[in-house]
Number of protein chains: 2
Amino acid sequence: MNELELIQRLCRHLPLNASTVVGPGDDCAVLDLGLADRRILFKTDAVVEGVHFTAETDPRLAGRKALARCLSDIAAMAGTPTHAVITLGLPPDCDLDRVDNLYAGLGDCARQHKVGVVGGETTASPGSLWVSTAMLGWVQSDRCVLRSGAHPGDALFVSGELGGSLASGRHLSFAPRLEEARWLAEAFDVHAMIDLSDGLAGDLRHLLKASGVGAELLAHAVPVSPAARAAARQGGRNALAAALTDGEDYELLFAVSAADAVALTDRWKSRFPGTKLSCIGRVMSETTVTLRDAQGRRTLPLHGYVHFQEP
Amino acid sequence: MNELELIQRLCRHLPLNASTVVGPGDDCAVLDLGLADRRILFKTDAVVEGVHFTAETDPRLAGRKALARCLSDIAAMAGTPTHAVITLGLPPDCDLDRVDNLYAGLGDCARQHKVGVVGGETTASPGSLWVSTAMLGWVQSDRCVLRSGAHPGDALFVSGELGGSLASGRHLSFAPRLEEARWLAEAFDVHAMIDLSDGLAGDLRHLLKASGVGAELLAHAVPVSPAARAAARQGGRNALAAALTDGEDYELLFAVSAADAVALTDRWKSRFPGTKLSCIGRVMSETTVTLRDAQGRRTLPLHGYVHFQEP
């Protein structure tokens, strides 16, 4: 059972209520708290020592990541983050200076994004250090972008470059795409969006499944990061496979009408000249994911990465 | 360094923002999200195997507790809970049926209180099983009760009976005092309120410190639970010491004007006939806490429990 199946199994126990616009299954929950033209976004996430960072990670960067992962989810709805609360699990032998630096990094990141960190709890943890973050944000009601709105024929875009995030340390230093996402939702009719945390192949499937569609990806168009290329040259995994499956990219994947694709590419380039934007394929009505490369068109297996071979 | 000092040390790193009405240091954060007559409450808390429940605890009760602890904090502000998100830390060998039952208990408790559980994450945990809950609620702007409003001369009240919660299992089955707290804030001018999680002696000090006052407690008036009495009879700790310091009572401690004390006692009795309400002392301007018993009046030490002796 993978994480998605586990969450689906657990969610069957959980009630929603009338003010829940979108419940589990998107990047954030979307709530109607009675504000005329705003929806409230609500998200939780955690970072755990030994999973998302190590004992050797600069604690300031671990703290930053604890907040930035949630920021990336708020970005995926084209939202603006406002408040966070933190729960800290402290192992018995934990060095206080380390925790202090973790909070300093978290606080700096919050300040940068004007997020108020308004509460928290500490608890003993018999295992390793962990930080659970819950975040609130808001989005104009008619600008909220879900995973579920992709249509056959839409163009699929991805920001930045993918792969090698863990090896290069980018998973600790990434900038959540908040400004880019809000600009996109304001300037274009974005049909569906998700942030890339599990890897392009997996997160694309989440978006497609929510939308009830499939996709064709163009292998040469997938933006591979220099880190993934360098690792491949040094005998590591195929660079495309890394870009499809490494995860922790925290980039935006989104679908817009194909008619908008050229204008979007042009306007992005002048608005965000330092950040790559790639059209990586299109949405199809058949609910499969195919990859087109020099060898032709083939189905991308569910766990594509185990089947990739260096050509 | 105790938990409070640790939180204070960590909080110096954390920014607030303009929409934060009350930040860290009360039972919940209080936010102004732009609703005319409502404030939004935001709280996080966690339960950890080996700390708040054990491997032998019925997982339904552990799940219930993960939600109910936050409900008790919403109650302490006289609020109404609305939505929760859950992060689950899963150890490698975790039995799926156990997690399933944990979520069933959590879901039942949410349903009972009309709380929508609108999202969550699961993460690997190298240590033990843990559940972090974040909760939203609301309160009418002029009915929100903080810790900080107690005045010298106020009467101090506590609901229910205290002590022995861990031994009796009440820490797993308690009913958060949501209805009682809302009724109190509607019917009376409640100056300050807190829920009892650390024990009366500790939580009273939190309330008094936030209000800049002290208190005199009447030893005979502190409501001691049958579990604490039974334990004392069987050679356990002094029952009053247990009631003052055991913790995990999840009852309400609050301050009202002394002029309201009689009416409050009468009306509570007819509104909540099954739940005890005790006037346990009064607020004083000197910032000490004293205990009056048959031997006279003496200062309650900061860690009162180590000094208590069976008379």
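The values are calculated or read from the model by the stated rules, or taken from the named source; none is laboratory data. Just so we're clear, the structure is a prediction, and the values are computed from it rather than from any experiment. Quick reminder, even Gly has a Cβ in these numbers, built from the backbone with ideal geometry, and neighbours come from all protein chains shown.
Restricting to region B:135-145, name every residue that is within 13 Å of another protein chain (Cβ to nearest Cβ) and touching a His at 6+ places or on another chain (Cβ under 9 Å).
B:135, B:136, B:137
Residues B:78, B:68: which one is out of contact with any Phe, Trp or Tyr (no Cβ under 7 Å at 6 or more places or on another chain), under 16 Å from residue B:137 (Cβ atoms) and either buried (at least 18 other Cβ atoms within 10 Å of the Cβ) or among the aromatic types (Phe, Trp, Tyr) (or both)?
Only one candidate qualifies: B:78.
Answer with yes or no whether residue A:160 is farther than 19 Å from residue A:80 by Cα and either surrounded by fewer than 19 Cβ atoms within 10 Å (Cβ to Cβ) or not assigned by TED's automatic domain parsing to the domain that holds residue A:35 (or both). Working first, answer last.
Working: farther than 19 Å from residue A:80 by Cα: yes; either surrounded by fewer than 19 Cβ atoms within 10 Å (Cβ to Cβ) or not assigned by TED's automatic domain parsing to the domain that holds residue A:35 (or both): yes.
Yes; evaluated as a whole, the condition is true for this residue.
Could you list, in sequence order, the residues of region A:223-247 that are crowded, with 21+ Cβ neighbours inside 10 Å and assigned to a loop (DSSP other than H, G, I, E, B)?
Across region A:223-247, the qualifying residues are A:225, A:246.
Out of A:43, A:65, which single residue is among the basic types (Lys, Arg) and facing chain B (nearest Cβ under 7 Å)?
Result: A:43 is the single residue among A:43, A:65 that is among the basic types (Lys, Arg) and facing chain B (nearest Cβ under 7 Å).
Here are some conditions: (1) in a strand (DSSP E or B); (2) at the interface with chain A (Cβ under 10 Å from one of its Cβ atoms); (3) touching a residue at least 40 places away in the same chain (Cβ under 8 Å). Residue B:101 meets all but one. Which one does it not meet?
(1)
Scanning for something under 30 Å from residue B:57 (Cβ atoms), free of Cβ contacts under 8 Å to residues at least 60 places away in the same chain, under 21 Å from the mean Cα position of the chain (by Cα) and facing chain A (nearest Cβ under 9 Å), does region B:115-130 turn up at least one residue?
yes
Out of all the residues in region A:66-79, is one or more under 22 Å from residue B:8 (Cα atoms), assigned to a helix (DSSP H, G or I), of a type outside the set (Ser, Thr, Tyr) and in the same structural domain as residue A:123 (by TED's automatic domain parsing)? Break it down into steps so the answer makes sense when it comes.
Pass one, region A:66-79, residues under 22 Å from residue B:8 (Cα atoms): A:66-67.
Of the ones still in play, those that are also assigned to a helix (DSSP H, G or I) are A:66-67.
Pick out the ones that are also of a type outside the set (Ser, Thr, Tyr) and you get A:66-67.
Of the ones still in play, those that are also in the same structural domain as residue A:123 (by TED's automatic domain parsing) are A:66-67.
Within region A:66-79, one or more residues are under 22 Å from residue B:8 (Cα atoms), assigned to a helix (DSSP H, G or I), of a type outside the set (Ser, Thr, Tyr) and in the same structural domain as residue A:123 (by TED's automatic domain parsing).
Of everything in region A:81-97, what is out of contact with any Phe, Trp or Tyr (no Cβ under 7 Å at 6 or more places or on another chain) and not in a loop (DSSP other than H, G, I, E, B)? Give them in sequence order.
Hits for region A:81-97 are A:81, A:84, A:86, A:87, A:88, A:90, A:96, A:97.
Return the residues of region B:147-171 that are under 20 Å from residue B:66 (Cα atoms), of a type in the set (Ser, Thr, Tyr) and under 15 Å from the mean Cα position of the chain (by Cα); say none if nothing qualifies.
B:165
Just for region A:120-157: of the residues that are modelled with pLDDT under 95 and part of a strand (DSSP E or B), which one is surrounded by the most Cβ atoms within 10 Å (Cβ to Cβ)?
This residue is A:120.
When you go through B:267, B:282 one by one, which is the residue that is part of a helix (DSSP H, G or I) and among the charged types (D, E, K, R)?
Details: B:282 fails: part of a helix (DSSP H, G or I).
None of the other options fit; the residue is B:267.
Among the residues of region A:136-153, is there at least one that is out of contact with any strand residue (DSSP E or B) (no Cβ under 9 Å at 6 or more places or on another chain), within 30 Å of residue B:129 (Cβ to Cβ) and not aliphatic (A, V, I, L, M)?
Checked against the condition, which is being out of contact with any strand residue (DSSP E or B) (no Cβ under 9 Å at 6 or more places or on another chain), within 30 Å of residue B:129 (Cβ to Cβ) and not aliphatic (A, V, I, L, M), region A:136-153 yields no hits at all.
Report, by residue number, each residue of region A:46-62 that is assigned to a strand (DSSP E or B) and more than 9 Å from every other protein chain (Cβ to nearest Cβ).
The first filter runs over region A:46-62 and keeps only residues assigned to a strand (DSSP E or B), leaving A:46-49, A:53.
Listed by number, the list holds a single entry, A:53.
Which residue out of B:79, B:89 is of a type in the set (Gly, Ala, Ser), within 10 Å of chain A (Cβ to nearest Cβ) and in contact (Cβ under 8 Å) with a residue 12 or more places away in the chain?
Only one candidate passes the filter, namely B:89.
Quick one: is residue A:41 in a helix (DSSP H, G or I), crowded, with 18+ Cβ neighbours inside 10 Å and of a type in the set (A, V, I, L, M, F, W, C)? Explain how you work it out, then say what you get.
Details: in a helix (DSSP H, G or I): no; crowded, with 18+ Cβ neighbours inside 10 Å: yes; of a type in the set (A, V, I, L, M, F, W, C): yes.
The answer is no for residue A:41.
Every residue in region B:8-37 that is more than 8 Å from every other protein chain (Cβ to nearest Cβ), charged (D, E, K, R) and without any contact (Cβ under 8 Å) to a residue 60 or more places away in the chain, please.
Hits for region B:8-37 are B:12, B:32.
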